[in-house]
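Remarks on the structure that follows.
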Amino acid sequence: MQLSTKHLLGIRDLNREDIGLILSTALQFKDVLQRPVKKVPSLRDVTIVNLFYENSTRTRISFELAEKRLSADTINFTASGSSVSKGETLLDTVNNILSMKVDMVVMRHSASGAPHFLAKHIPAAIVNAGDGINEHPTQGLLDALSITQALGTLEGVRVAIIGDIMHSRVAMSNIYLLKKMGAEVMVAGPPTLIPPYIQEAFGVKVEYSVKEALQWCDVANVLRIQLERQNQPLFSSLREYNLVYGVTRKLVDNLKKDIVILHPGPINRGVELDSDVADSRHSLILQQVENGVAVRMAVLYLLAGKD
Ligand code: CP
């Protein structure tokens, strides 16, 4: 089986079969990652550049590790310290790198649509590692794999995405993926951080009480407040945010049911998520990170197989 797309620009462009194929391939790579030799020769002749124009810990390391586990040749580019500071354009930078016989591009950029722009101008396959407030498709996929492993399915599962929905590419990729795969989706948080059109445009429920959202859901995907993308105050203080919209120990302890907690990281402990909830038996946060390597191996492997 093959993916229906040449690039992974967003979950929006994938169909159910693509998502199923990536998740089932990721499960096979999870097995590889349990072996003493955690490496396969699948991408031995492939060279991949990781272009990071925006900060990252998990995604950058995860892609690099996935590439090494697939035996690809890997080069890493970060905008800071590069000729971007001398005025070089995105397209010039990428064309110069591609002229050194690079086959695939993994890119994170603060501008929404940057990988879509690149896809129109270069021949190489592109994987979006997060573009502005648009999408973070491999995060959506690794979240889906983590939910499936915990609950056995995505079909009919109730997922509440809680926090800064307005500025979150993780929220967008999760919404596209979960709706395509038959999950029920709610977004919850302060009205100032939830786009007013979201219910009608994306068919999700909207809830302004985090307590109600937690009571409704099977899975809570808690998001960081993206202060770096906010150019005006949208809530009074981080302390007030934690009191009113934080996923606290008290709220989780008072639930009369079990719940799964996800967070894409980085966590602002004590703001959107209490530390002892992040580290509790409910939390799949480190499993998400572990699953990220297998998911990214699957994406790179499947895209390399497309001509
Ligand atoms: N989840 C995520 O994208 O984390 P990084 O910003 O550290 O890559």
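Structure summary
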| quantity | calculated |
| --- | --- |
| Inter-label distance for Ser275 and Thr192, nm, one decimal - labels placed 7 Å from Cα along Cα-to-Cβ | 2.7 nm |
| Structure-based [θ]222 nm, the chain - -39500 (n - 2.57) summed over DSSP H runs of at least 4, per residue, nearest 500 | -12000 deg cm²/dmol |
| Largest-first ordering by accessible area, 1.4 Å probe, given options Arg224, Arg60, Arg249 | Arg249, Arg60, Arg224 |
| Relative contact order of the stretch 25-110, defined on C-alpha pairs under 8 angstrom at six or more residues apart (%) | 39 percent |
| Full-stretch length increase - Met1, Arg58 - with 0.36 nm per residue and alpha-carbon distance subtracted | 17.6 nm |
| Rounded to 5, percent antiparallel among DSSP beta bridges of the chain | 5 percent |
| Contact order normalised by residue count of the chain, Cα under 8 Å, 6+ apart, percent | 21 percent |
| Gyration tensor verdict on the stretch 111-209 (Cα atoms; rounded if a/c is under 1.5, prolate if a/b is larger than b/c, oblate otherwise) | oblate |
| At 1.567 mPa s and 4 °C, Stokes D of the stretch 15-173 from Kirkwood alpha-carbon radius, µm² per second | 76 µm²/s |
| Relative contact order of the stretch 137-284, pairs being alpha-carbon contacts under 8 Å that are 6 or more residues apart, as % | 24 percent |
| Radius, Kirkwood style, for the chain when every pair of distinct Cα atoms is counted (Å) | 19.8 Å |
| Val244 versus Lys179: modelled label distance in nm, points set 7 Å from Cα along the beta carbon direction | 2.7 nm |
| Cβ crowding within 10 Å averaged over residues, with 137-146, 72-81 ranked highest first | 137-146, 72-81 |
| Accessible area of Leu98 in the full protein assembly, 1.4 Å probe (Å², nearest 10) | 30 Å² |
| Sulfur and carbon atoms: percent of accessible area, the chain [1.4 Å] | 50 percent |
| Taking N as its residue count, the alpha carbon Rg of the stretch 9-64 over 2.2 N^0.38 Å | 1.38 |
| Residue-span extension gain [Arg35 to Lys86] - 0.36 nm each, minus C-alpha spacing | 13.8 nm |
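The values are calculated or read from the model by the stated rules, or taken from the named source; none is laboratory data. Quick caveat, the model's predicted, so the values are computed rather than measured. Virtual Cβ from ideal backbone geometry, glycine too; neighbours counted across all protein chains shown. Remember, those area values only see protein heavy atoms, side chains included, never the ligands or the DNA or RNA. Shrake-Rupley method; radii C 1.70, N 1.55, O 1.52, S 1.80 Å.
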